[in-house]
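What follows is a set of notes on a single structure, which appears directly below.
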Amino acid sequence: MNLAESPSPSPSSSSGSDDFAALLDSELELASAGYSATLGDASVSPTGGDDDEEQVKAEVEALEENSTKRPRVEELHQDQATSVTPGKDTAGSSKDVQGELCPHLGFVGGLCFTCGKPQDEEDVSGVAFDYIHKGLRLSTSEIDRLRGADLKNLLRERKLRLILDLDHTLINSTRLQDITPAENKLDDPNRSIFTLESMHMLTKLRPFVNKFLEEASDMFEMYIYTMADKAYAIEIAKLLDPGNIYFSSKIISNTDCTQQHQKGLDVVWKKHKENLILMERYHYFGSSCKQFGRGVKSLSELMQDERESDGALATILHVLKRIHAIFFDSAIETDLSSRDVRQVIKAVRKHVLQGCKLVFSRVFPRNARPQDQFIWKMAEQLGAICCTDLDSTVTHVVALDPGTDKAHWAAVNKKFLVHPRWIEAANFRWCRQPEEDFPVRSPEGKVKDKENSVAGEKKMDQDKQNVVPGQEKKEETVHGQEKEEENALATTTTCPTDS
C-alpha cells in the first residue's frame, strides 16, 4: 500500500478529478486528430492500424464526444506559456510542428504523437506506458507535467492517491490443485470465496475489504498494483469492484513495471519508501503459509478468519483517515502546496511508541552495530528512544531469553520485558500493543509449552472418542473458542518477513 507524493496545487477551470490515464487520453485525442487534419494523410495515424482512414474518423468522433476534456487540456498547455495544440504551433505554421523544433514528448506505435515523426534511436529515452495505450512511451518532462496537472485536481477535491497491492493485502488466492480436502468443504456464509475457473484458482476476499474500499474512495484515488499478470488483476478487480466504481482502468500489473521484478512505477510514485504503509499479510489458504515458510496453521485450517472490526484493513483505514485529516487540516497555517504526505506519515508513526525507552538484550548478532539493525530502526521510526545502557529512565527491555542480566534487571526494577515481536506488532497495528501479550520465555519453557500443547491435543482426541452422546457439540464449541484466541494473537505477532 502506497501513498503517492502530492505536488503543489494551482487553480484550474476544470471540475472533477480525471485520473492520469483519462488526461492522457484527452491529449492523445487532440494530438492524433489535429495532426491528421494538418497533414491530410491518414497513413501517419499514431495507431499504425491497417484501416488508417477509418481510424482517423474514429479519432475525430472520439474527440467530439470528449469535448468536455478539450478546455482542460488546452488550459494545461497554456500554463506552460506555449500552446502545443496540433496545428497551432508557436510560429503559426504546421511545418514547424513537423520540423526539428518538435520536442517529441511521446510516441505511440513508434510515431511521435505531436508531429508524426518515426521514433529513432535518439528518442528511445523515456518510460513505456503500455497499460494506458499499447506502444505508448513518454518523455520524462511530459510525465512530470501530466502527473503534476492531474494531482492538482486531486488536491482541489481534497484527495490523495492510494496504490493497493492485491495478494495478501486485499485478497488471498490459491491454485485449485493446492486446495486441501478440508478447504474443499469450507463454509462461506459471507460469500467471500470465489472460484476463477478460467485460471484454475480460488480467491478469498479479506474481511472488511468492501467497507474499506467504500470509505477509502472518498479520500483517495485508488489504483490496483500487482506483480501478477494483467488478466488475473482484471478478474480480481471485478470481484472487488463489480460496479467499476473504484478502479476503472487504474489496474497496473507486472507488464507495466518500468523495471523487471521491481515495484516501481513512474506514473504513480517516484520510489519513495517513506510513502509505504506495511500491512500484515493475509494468509487464508494453507498454500499461502507454505509459500512464505510460515510454520503455523492457516486461517482456513483453523476454520477462522480475521475480525472485521479490528482486523488489518480496519486498522489501516483508521490510519489513512488520520493521515488524510492531518494533510488537509485547515487549521495548519502552511499553504497546501508546501505540505508533504511523507512527513505526515512520519509524524503519525512517531506517536506509536512515544515515551518508550528501549534497551535490547542479545537480540542482535554479537559483532553487529545495534544502530544499524532493522528492529532498532523500526522502534525509532515509531517514536521510541533506543539505547545500549541501562538507567532508571529505561521503560522496556527487549529480549529473546529471560535469563540475561538485563532481563533480570527488568524484573527487579519492575520494567517491561518484551519479545521483539512487540515492536513488530506495533509497527503493523500503528499503536502500542499490550506488553503482557508478548512475554519472553526461556528455551526450556518453549519446549515444555510445545510438549504440553501436543499432549493436550492427544487428550482432546481421546476425550472425543469417549464422549457421551449429546456432549460432543459442547466440546467442539470450547475447542473453537481456544482456536479463535490463538489466531487473534497470531495476527498481531507477524514477523518482518511477512511485511
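The values are calculated or read from the model by the stated rules, or taken from the named source; none is laboratory data. Please read all numbers here as calculations on a predicted model, not as lab measurements. Here the Cβ is made from the backbone with ideal geometry for all residues, glycine too, and neighbour counts use every protein chain on show. Accessible surface areas use protein heavy atoms only, side chains included; no ligands, DNA or RNA. Shrake-Rupley method; radii C 1.70, N 1.55, O 1.52, S 1.80 Å.
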Quote to one decimal, in nm, the extra length available between Thr255 and Ala228 on full extension: 0.36 nm per residue of separation minus the C-alpha distance between them.
-> 8.9 nm
For Ile171, list long-range residues whose amide hydrogen, built 1.01 Å from N in the peptide plane, is under 5 Å from its own amide hydrogen.
-> Arg206
Which of the pairs Lys185/Lys297; Lys357/Lys415; Lys211/Lys238; Lys152/Lys238 have their Cα atoms more than 20 Å apart in this structure?
-> Lys152/Lys238
Candidate cut points under trypsin sites (Lys or Arg not before Pro) in the stretch 315-393, DSSP loop plus at most 10 other Cβ atoms within 10 Å of their own Cβ, are Arg366
At a 1.4 Å probe, what is the % contribution of carbon and sulfur to the accessible area of the stretch 158-327?
-> 49 percent
Ignoring ligands, DNA and RNA, what accessible area per residue does the stretch 158-327 give at 1.4 Å, in Å²?
-> 47 Å²
Kindly give Rg over Rh for the stretch 354-406, based on alpha-carbon atoms, with the Kirkwood expression for the hydrodynamic radius.
-> 0.93
In terms of the Cα gyration tensor, with a ≥ b ≥ c the square roots of its eigenvalues, is the stretch 126-250 rounded because a/c is under 1.5, prolate because a/b exceeds b/c, or oblate?
-> oblate
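Would you mind classifying the stretch 158-327 by shape? Square roots of the alpha carbon gyration tensor eigenvalues, ordered a ≥ b ≥ c; an a/c under 1.5 is rounded, otherwise it is prolate if a/b is larger than b/c and oblate if not. Display every interim value, and only then the final one.
On the way: a/c = 1.67, a/b = 1.39, b/c = 1.21.
Prolate.
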Largest-first ordering by accessible area, 1.4 Å probe, given options Glu435, Glu157, Glu215 | Glu157, Glu215, Glu435
Candidates per GluC sites (Glu not before Pro) in the stretch 308-395, loop by DSSP, up to 12 other Cβ within 10 Å = Glu333
Taking 0.36 nm per residue of separation and subtracting the Cα-Cα distance, what length does fully extending Lys357 through Cys431 add?
-> 25.1 nm
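Kindly state, to the nearest 0.05, the FRET efficiency for Asp310 paired with Lys238, given R0 = 25 Å and r defined as their beta-carbon distance.
Details: r = 28 Å, r/R0 = 1.14.
In this case the efficiency is close to 0.30.
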The stretch 353-429, accessible surface, carbon-and-sulfur percent (1.4 angstrom probe) | 48 percent
